[in-house]
Amino acid sequence: MEITEGQAYPLGATIDDEGVNFALFSAHGTEVILCLFDETGQQELFQLPLPMKTQDIWHGYVKGANSKTLYAYRVDGPYQPLSGHRFNRHKLLLDPYAKQLVGQRIEDASLYGHQHDGGNEEDDLSFDTRDSAPFMPKCKVIDHRHLSPIPSVNKEKAPSNQARRLSQSIMYELHVKGFTQQHPHLDASLKGTFLGLCDPQVIQYLVDLGVTCVELMPVQSFFNEAFLEDKGLTNYWGYNSIGFLSPHHQYLVNGDVFEFRKMVTKLHEAGIEVILDVVYNHSAEGNRMGPSYSFKGIDNVSYYRLVASDPRYYINDTGCGNTLNLAHPRVLQLVMDSLRYWVEIMGVDGFRFDLAATLGRELHGFDANAGFFTAIAQDPVLCQVTLIAEPWDLGPGGYQLGHFPLAWSEWNDRYRDTMRRFWRGDAGMLPEFARRFHGSSDLFEHSHKPPASSINFITCHDGFTLWDLVSYNHKHNEANQEDNRDGRQENFSHNYGEEGETSDKAILQVRSRLCRNYLTSLFLSQGVPLLLCGDEIGRTQLGNNNSYCQDNPLSWRDWTNTPYSDAMFIFTQKLIQIRKRFPLLCHVEYVHNSINDTTPGLDWYCRQGLKMTKPLWGETQTRTLAVVISGKLEGNESHQQALLLLLNNDCQSLPFTLPKLAHFQSWRCILHTHDSDYKVIDAKGEFNEQVYSLQEHSLMLFHAYSIG
């Protein structure tokens, strides 16, 4: 094969009608060797040193290479771990810009730049000469020149105003494999794949449920960890990225990366946006004892944050062994190019950034004006998509909820914990419940951020499912083979009489009611609701709150219909319909006005129908509350409508007096979480107020129009 100078930009493998241009960044490498393989990826055909280096980018053009070409790199340079350099030309390295990985990573001692066999703490200072190529996947050249942009979601379903569109979103977190792996009507070849997720029957389920956006757990290429494989387990969740521009190969049916595009297109046609959960905070290469797949062997000092006083060691703000160095311009460029690729070529609508506090770390710590955030803000493509932060990491000062830039929304774990503690019956939760229900203005409004800045969730992939939240007092992670040491310790959960599965009808009745309460709180709160896949049918993980390594029915969605799951689905479906019906549940701005007949308002009441006062808020043993939210009547600017929510988390049934509003008609109940055999008592009080008796641990929702 003939190789000529080529171009330094763009990075990666870029095809034209004559061949392919290859460009790779390595500031400290002394030679970069392009390795070309046969179509099986097993035989290395050519080793071609890239002939030019321009501003630390090595490049060359190979005439005759095409879209079937498989390739990877070897990079030579100093092997000086004490100085942070870990070059080893015997290790085959993946292109950080690879758009497809072909073949499997097979665990072997040769994958490590050092001698991995001894298990000694000094092993990383050794040098290994075994060839890792037989055990590594290969990169494939991808041609996307012919592709046209994917149409966006119908503007009637997704208003052009970004803040309003997000405020009206109903998000649904799912795992590509887990959602469809057990679907009874899918062909076996489609189960657990992108094409399975866009099957008409699967999409119809999402449409029937009413969600407007799916948030996909990691779909960028990731590897399993060796310690999991030793136990016969796998990294199911996928938070172990190695290829930021390539879809994970196991989710492809025919080895075509554009199956992902087809999935996005079909979801858009159904009015459903697609958000990717992306992991740019660390890679699958682990710490100094970890393997050498890509970045570590290309330029360890540039790609990773190392301990300044001893660069043999990695800064580990992520808890995963390493931390990517986004302060380096070429690493930042890689992340930006990756994000644009998924938007412009693959058609996604936004991103949820795992451990996003890491992405904002500068030399002095987290900075809302960090280079990464500034780069996003000025980018004409990325500034228009949905940006969601997981606002913490494990490093010093890593909890940054409420401190991300204006355009960013954030996963709100304060909301999660407050709702759990309120419905569990913890004392003194009324003020905190009110703040979270209101959209957490105390966390976001100070920086002029809207309610949509708060991504509200009760459960997510990380932790208990909703059903387990009301079924277990303690986590049960024995299946992870870590002696139940892993996973979150405090879950703010309750089993209501018996740990785990039970046949006790009374316990099951309470658990079902509590699930309905949680779901109602989620969909009626200001902010953006995020529903965990399966919570709408009562999915259980048998108490496992860290199922990251459970690629089996424990984590997969069960499509078996039962009377209970059908009832839960219908209830969730109704809640989503209510949220869509009443825009006042997703105000674009925070509402602080009292209820009146002209402007949106919000007021809190005690169960006697009187407005809450400071002494009432301070009653720590009170577990009852009512809230009225008002807003414009759609299509009639001169009229208002209001929703009244009554909450009784006491251990006994209690009467509630409905507040009287001067400008509104009488209240009409549109939803309750009472058991089906519980009689709702409607009585007339002394002053002609409506009085309702609420069952213990239940709520009711009422609706009223303004008079005029």
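The values are calculated or read from the model by the stated rules, or taken from the named source; none is laboratory data. Since this is a predicted model, take the numbers as computed values, not measurements. All Cβ positions, even for glycine, are placed from backbone atoms using ideal geometry, and neighbour counts span all protein chains on display. Surface areas here come from the heavy atoms of the whole protein model, side chains and all, with no ligands, DNA or RNA. Shrake-Rupley method; radii C 1.70, N 1.55, O 1.52, S 1.80 Å.
Could you pull out every residue, at least 5 positions away or on a different chain, whose amide H is within less than 5 Å of the one on Glu5? Hs are placed 1.01 Å off N in the peptide plane, and Pro or chain starts have none.
Sorted by chain and number, the residues that satisfy this are Tyr61.
Provide, in order from the shortest bin, the percent of all Cα-Cα pairs of the stretch 496-572 in each 5 Å bin, continuing until the bin that contains the maximum pair distance.
Binned Cα distances yield the sequence 3, 13, 21, 24, 22, 13, 4, 0.
Step through the residues of the stretch 288-305 one at a time and calculate ³J(HN,Hα) from phi using the Karplus curve (6.51 cos²θ - 1.76 cosθ + 1.60, θ = phi - 60°), rounding each to whole Hz and writing x for Gly and Pro.
Taking θ as phi minus 60°, the curve returns 4, 8, x, x, 10, 9, 7, 4, 4, x, 7, 5, 4, 5, 7, 7, 10, 7 Hz for the stretch 288-305.
Distance in nm between label sites at Asn473 and Leu406, each 7 Å beyond Cα in the beta-carbon direction?
With each label placed 7 Å out from Cα toward Cβ, I get 5.0 nm.
Within the set Lys580/Lys611; Lys574/Lys679; Lys53/Lys262; Lys177/Lys679, which residue pairs have Cα atoms separated by over 31 Å? The partial results should precede the final answer.
Details: Lys580/Lys611 28 Å; Lys574/Lys679 21 Å; Lys53/Lys262 38 Å; Lys177/Lys679 43 Å.
Beyond 31 Å: Lys53/Lys262; Lys177/Lys679.
Order the peptides 288-294, 341-347 from the highest to the lowest mean number of other Cβ atoms within 10 Å of their residues.
Packing order, densest peptide first, comes out as 288-294, 341-347.
So if R0 is 35 Å, what FRET efficiency would Glu589 and Asp504 give, r being the distance between their Cβ atoms, rounded to the nearest 0.05?
It comes out at approximately 0.15.
For a label point 7 angstrom out from the Cα of Phe227 toward its Cβ, which stretches of the stretch 282-315 have the backbone nitrogen within less than 15 Å?
Those under the cut-off are 284-291.
Nearest 0.05, what FRET efficiency do Gln621 and Tyr9 give at R0 = 41 Å with Cβ-Cβ as r?
Working: r = 66 Å, r/R0 = 1.61.
That pair, Gln621 with Tyr9, gives E of 0.05.
What residues from the stretch 641-683 fall in the zone where the backbone N is under 15 Å from a label point 7 Å along the Cα-to-C-beta line of Gln608?
Hits in the stretch 641-683 for Gln608 at 15 Å: 655-660.
Taking a probe of 1.4 Å, how large is the accessible area per residue of the chain, in Å²?
For the chain, the solvent-accessible area averages 38 Å² per residue.
Of the listed pairs Lys231/Lys266; Lys475/Lys614; Lys138/Lys296; Lys63/Lys91, which have alpha-carbon separations greater than 27 Å here? Show your work: numbers first, answer last.
Values: Lys231/Lys266 38 Å; Lys475/Lys614 38 Å; Lys138/Lys296 17 Å; Lys63/Lys91 25 Å.
As for pairs spanning more than 27 Å Cα to Cα, those are Lys231/Lys266; Lys475/Lys614.
On the full set of protein chains, 1.4 Å probe, figure out the accessible area of Asp128 and give it in Å² to the nearest 10.
10
Relative to the present Cα-Cα distance, how much length would full extension add between Leu125 and Arg435 at 0.36 nm per residue of separation?
106.3 nm
Which three lengths, in whole Å and largest first, does the stretch 9-88 cover when its Cα atoms are put on their principal axes?
43, 30, 15
Using only the alpha carbon atoms of the stretch 514-651, find the Kirkwood hydrodynamic radius as the inverse mean reciprocal pair distance, in angstroms to one decimal.
With all distinct Cα pairs of the stretch 514-651 included, I get 17.7 Å.
Calculated FRET efficiency, Val680 and Leu542, Cβ-Cβ r, R0 41 Å, to nearest 0.05? Walk me through the intermediate numbers first.
On the way: r = 35 Å, r/R0 = 0.85.
Efficiency for this residue pair is about 0.75.
Using just the helices of the chain, give the 222 nm mean residue ellipticity in deg cm²/dmol: DSSP H runs with n ≥ 4 each add -39,500 (n - 2.57), and the total is spread over all residues, rounded to 500.
Working: 17 runs with 149 residues, N = 708.
Mean residue ellipticity, 222 nm, calculated: -6000 deg cm²/dmol.
So for the stretch 1-136, Kirkwood radius off the Cα pairs, Stokes-Einstein at 4 °C and 1.567 mPa s: how many µm² s⁻¹?
In µm²/s, the coefficient is 83.
Under a point spin-label approximation (7 Å from Cα along Cα-to-Cβ), what is the Glu31-Asp56 distance to one decimal in nm?
With each label point 7 Å from Cα toward Cβ, the separation is 2.3 nm.
In Å, what is the Rg of the alpha-carbon atoms in the stretch 91-153, and how long is Dmax?
That works out to 17.8, 55 Å for Rg and Dmax.
Rank by packing, highest mean first: peptides 362-374, 460-472, with packing defined as the count of other Cβ atoms within 10 Å averaged across residues.
Ranking, from highest mean packing down: 460-472, 362-374.
Of all the accessible heavy-atom surface of the stretch 329-439, with the other protein chains kept in place and a 1.4 Å probe, what percent is carbon and sulfur? The partial results should precede the final answer.
Values: 1900 of 3460 Å².
That fraction is 55 percent.
Between Arg581 and Asp310, what is the label-to-label distance in nm when each label sits 7 Å out along the Cα-to-Cβ direction?
Rounded to a tenth, the inter-label distance reads 6.4 nm.
With an 8 Å cut-off on Cα pairs and a minimum separation of 6 or more residues, tell me the relative contact order of the chain in percent.
Result for the chain is 10 percent.
Rounded to the nearest 5, what % of the DSSP beta bridges within the chain are antiparallel ones? Mind dumping the intermediate values first?
Working: 79 of 105 bridges.
Of those bridges, close to 75 percent are antiparallel.
Full extension from Asn484 to His639: what is 0.36 nm times the residue separation minus their Cα-Cα distance, to one decimal in nm?
50.2 nm
What number, in nm² with one decimal, is the all-direction average of the projected area of the convex hull of the alpha-carbon atoms of the chain?
That works out to 31.4 nm².
Loop only per DSSP, at most 13 neighbouring Cβ atoms within 10 Å: give me the trypsin sites (Lys or Arg not before Pro) in the stretch 617-665, ordered by residue number.
Here the trypsin sites (Lys or Arg not before Pro) that fit, given the DSSP loop and packing criteria, are Lys660.
Given a 1.4 angstrom probe, I'd like the percentage of the accessible area of the stretch 553-708 that is carbon and sulfur, rounded to a whole number.
In the stretch 553-708, the share of accessible area belonging to carbon and sulfur is 53 percent.
So which aspartates and glutamates pass the test for Lys660, namely a Cα distance under 19 Å, with those fewer than 8 places away in the same chain ruled out?
Lys660 reaches Asp597, Asp603, Asp682, Glu686, Glu689.
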